[in-house]
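**Student:** Below is the structure I would like to discuss, written out as structure tokens.
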Amino acid sequence: MFRLKLVPDNTKIPFVSVRYWAVGFSLAVVIAAVVMIFVKGFNFGIDFKGGTVIEIQTQQPADLTNLRTRLNALNVGEIQLQRFGDDRDVLIRVGTPKGDISDNAGEKVVQKVKTELGNEVTYRRIESVGPQVSGELIKAATTAVLVSVFAMFAYIWFRFEWQFGLGAVVAIVHDVMATILVFSVFQLEFNLTTIAALLTIVGYSMNDTVVVYDRMRENLRKYKKMDLGELIDLSLNETLSRTLMTSTTTLLALLSLFIFGGEVIRSFTFAMIFGILIGTYSSIYVAAPVLMAIGITREWGTGQLTRAKANPGN
């Protein structure tokens, strides 16, 4: 029987030997993300800045110039038109009209657009978010991400040790910041589906890290005199096949959604694809170096707690 193997058996890749380069790269990513947040910001969707999205389909290939001229004449706010799918599909984005902070501002915009376009087009999707609601969504989204990170730290601390919890949280923060950097640099739309993707990335990255940490804990008990760096390399190589197979199968499904899923979920699937890649990287090159730096307990529950460091003979 043929068996697909992405990773050969008994690999001996020296992951730990390049940890300084990996840490330097990861620090650069986090710093760049912080800088870009303040310098370039995000391309917020209507979920976070308020406004209206109307997805229409024209009977003939859409004339964006004509549509833009007609809609701008309505004076309903900033108009953005985007073609997606085939030539007849158009996404209309309308910002919240200046001076109108009422919650029904979006309904007024939709009514004016429908009056102008009438039955010439088919209305496939309409979403409106008021400015007050968008502000609440920003706070709720930020709180959700922070709470999830704290909950993961508490879980790992309870299951392993605080050193493992710290390593896992550092890896999660790295993954979130790297994803944020990509969205800021390329000005991809940042909306509620992106937040959902970030929370999913947090869970996926944690799951991958827990698998690696669990093998490390087993090997710490099994090889009591092995150098910590060698032990981490051994653990990473032993779990490498599982890590890559899980990532590959997940990516295949996400790529299908990205290509065929349509414009509505594209930002979600892109964030997930990038998050899976960066999450796999961080499980190896971020979570492990943290343990190398702070040291970990060699045994549990014996009353003989020996601190394992990255020095020969421990």
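The values are calculated or read from the model by the stated rules, or taken from the named source; none is laboratory data. As the structure is a computational prediction, the values presented were derived from the model and not from experiment. Positions of Cβ are generated from backbone atoms using ideal geometry, with glycine treated the same way; all protein chains shown enter the neighbour counts.
**Student:** What's the total number of residues in segment 26-54 that are of a type in the set (Phe, Trp, Tyr) and over 16 Å from the mean Cα position of the chain (by Cα)?
**Tutor:** Keep residues of segment 26-54 that are of a type in the set (Phe, Trp, Tyr), which gives 38, 42, 44, 48.
Keeping just the survivors that are over 16 Å from the mean Cα position of the chain (by Cα) gives 38, 48.
Residues that pass the stated criteria total 2.
**Student:** Only residues that are in a helix (DSSP H, G or I), of a type in the set (Val, Ile, Thr) and under 19 Å from Phe183 (Cα atoms): list them for segment 240-279, please. Reasoning before the result, please.
**Tutor:** Start the filter on segment 240-279 by keeping residues that are in a helix (DSSP H, G or I), which leaves 240-260, 266-279.
Now restrict to residues that are of a type in the set (Val, Ile, Thr): 243, 246, 248-250, 259, 269, 273, 276, 278.
Ile259, Thr269, Ile273, Ile276, Ile278 - these are the residues of segment 240-279 that are in a helix (DSSP H, G or I), of a type in the set (Val, Ile, Thr) and under 19 Å from Phe183 (Cα atoms).
**Student:** Separate question: Can you tell me which residue within segment 189-223, out of those that are in a helix (DSSP H, G or I) and under 22 Å from Val53 (Cβ atoms), is farthest from the chain's Cα centre (by Cα)? Before you say what the answer is, go through the steps one by one.
**Tutor:** First, the residues of segment 189-223 that are in a helix (DSSP H, G or I): 192-222.
Now narrow it down to the ones that are under 22 Å from Val53 (Cβ atoms): 192-198.
Working: Leu192: 12, Thr193: 10, Thr194: 7, Ile195: 8, Ala196: 8, Ala197: 5, Leu198: 4 Å.
This residue is Leu192.
**Student:** Okay, moving on. When you go through Ile156, Ile201, Ile195, Ile172 one by one, which is the residue that is buried (at least 20 other Cβ atoms within 10 Å of the Cβ), farther than 17 Å from Ala293 by Cα and modelled with pLDDT under 85?
**Tutor:** On the way: Ile201 fails: modelled with pLDDT under 85; Ile195 fails: modelled with pLDDT under 85; Ile172 fails: modelled with pLDDT under 85.
Only one candidate qualifies: Ile156.
**Student:** Quick test of your reading of the structure: Phe274 fulfils all but one of (1) surrounded by fewer than 17 Cβ atoms within 10 Å (Cβ to Cβ); (2) within 25 Å of Leu198 (Cα to Cα). Name the failing condition by number.
**Tutor:** Going through (1) surrounded by fewer than 17 Cβ atoms within 10 Å (Cβ to Cβ); (2) within 25 Å of Leu198 (Cα to Cα) one by one, Phe274 breaks only (1).
**Student:** Looking at segment 65-80, which of its residues are modelled with pLDDT of 85 or more and surrounded by 14 or more Cβ atoms within 10 Å (Cβ to Cβ)?
**Tutor:** Leu67, Arg68, Arg70, Leu71
**Student:** Also, I was wondering about something else. When you check Thr11 against the structure, is it modelled with pLDDT under 85 and over 30 Å from Asp87 (Cα atoms), yes or no? Don't jump to the end; show me each part of the working.
**Tutor:** Working: modelled with pLDDT under 85: yes; over 30 Å from Asp87 (Cα atoms): yes.
Yes, satisfied.
**Student:** Check Ser184, Ser247, Ser256 and return the single one that is among the small types (Gly, Ala, Ser), free of Cβ contacts under 8 Å to residues at least 40 places away in the same chain and surrounded by 15 or more Cβ atoms within 10 Å (Cβ to Cβ). Let's see the steps before the verdict.
**Tutor:** Working: Ser184 fails: free of Cβ contacts under 8 Å to residues at least 40 places away in the same chain; Ser256 fails: surrounded by 15 or more Cβ atoms within 10 Å (Cβ to Cβ).
Every option except Ser247 fails the conditions.
**Student:** In addition: Could you grab me the full set of residues in segment 34-51 that are of a type in the set (A, V, I, L, M) and surrounded by 21 or more Cβ atoms within 10 Å (Cβ to Cβ)?
**Tutor:** Start the filter on segment 34-51 by keeping residues that are of a type in the set (A, V, I, L, M), which leaves 34-37, 39, 46.
Residue satisfying the conditions is Ile46 alone.
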